[in-house]
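Right, one structure below, let's go through it.
All of the numbers you see were taken from the coordinates with simple rules; none came from a lab. Fair warning: this is a prediction, and the values are worked out from it, not measured in the lab. Quick reminder, even Gly has a Cβ in these numbers, built from the backbone with ideal geometry, and neighbours come from all protein chains shown.
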Amino acid sequence: MQVWTSRELEKRIRRLLRSLDVQPPLSVPDLCTALARHRGRHIELRAFPLRADGPLGAWLETPQADVIVFQRETTAHHQDHIVLHELGHILADHPGPPGGAVWEALIPGLGAGAIRRALLRCSYGTKEEQEAELVATIVGEWAAILDHVTPTAQSDDLSVRRVQSALGDHAGWL
């Protein structure tokens with residue numbers, strides 16, 4: 001597994017976001033769609049009422065798609081962060097723990113091999129969890145900055161259009 005410094009990871013994520021042509025304001029579902037298209041592999045988002053004392057999110061890699069399950073019983077902002085964290089696992093290609101039989105026991109009727117890899121977000125004690133959280137933070141912070149400094153294209157205000165024209169080449173994932 002590749003180990004990234006914070007700075008290297010930040011550069012890598014920004015490069016990826018530029019290549020995906022994701023524009024502010026950030027829409028996590030749109031980011032998932034762009035990333036799925038880039039990877040050639042569908043990403044499905046599923047809100048679910050997860051137990052409060054359990055994981056807030058999970059990435060389940062199936063033969064057909066990547067499924068991100070996230071806590072339904074929280075704010076939209078928190079849900080976005082959970083999904084970005086799980087995307088961090090996907091982008092870093094983190095290995096899942098062994099034991100697919102555990103999933104088959106927990107979900108009756110689940111066929112053998114239905115889940116190839118699963119990562120649950122419970123704590124930040126491992127390097128993989130820290131790295132995934134760093135990805136979520138990087139994307140979230142940069143999206144918040146860009147959402148506030150990028151003028152809207154539909155503005156009728158002449159001064160906003162002037163600023164947009166002057167700064168237009170600089171907006172985006174620098």
Item to check | Positive minus negative residues near PRO29 (Lys, Arg vs Asp, Glu; Cβ under 11 Å) | outcome: -3
Checklist entry - By its C-alpha gyration tensor, with a ≥ b ≥ c as the square roots of the eigenvalues, how is the stretch 29-78 shaped: rounded for a/c under 1.5, else prolate for a/b larger than b/c, else oblate? => result oblate
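What does the net charge come to around ARG72 if you take all other residues with beta carbon closer than 12 Å to its beta carbon, with K and R at +1 and D and E at -1? Write out the running numbers ahead of the final one.
Details: positive: ARG46, ARG51; negative: GLU73.
Net of charged neighbours comes to +1.
If you take the Cα atoms of the stretch 4-93, find Rg, then find the Kirkwood Rh from the mean of 1/r over all pairs, what is Rg/Rh? All intermediate terms of the calculation are to be shown ahead of the outcome.
Numbers: Rg = 13.3 Å, Rh = 13.8 Å.
Ratio of gyration radius to Kirkwood radius for the stretch 4-93: 0.97.
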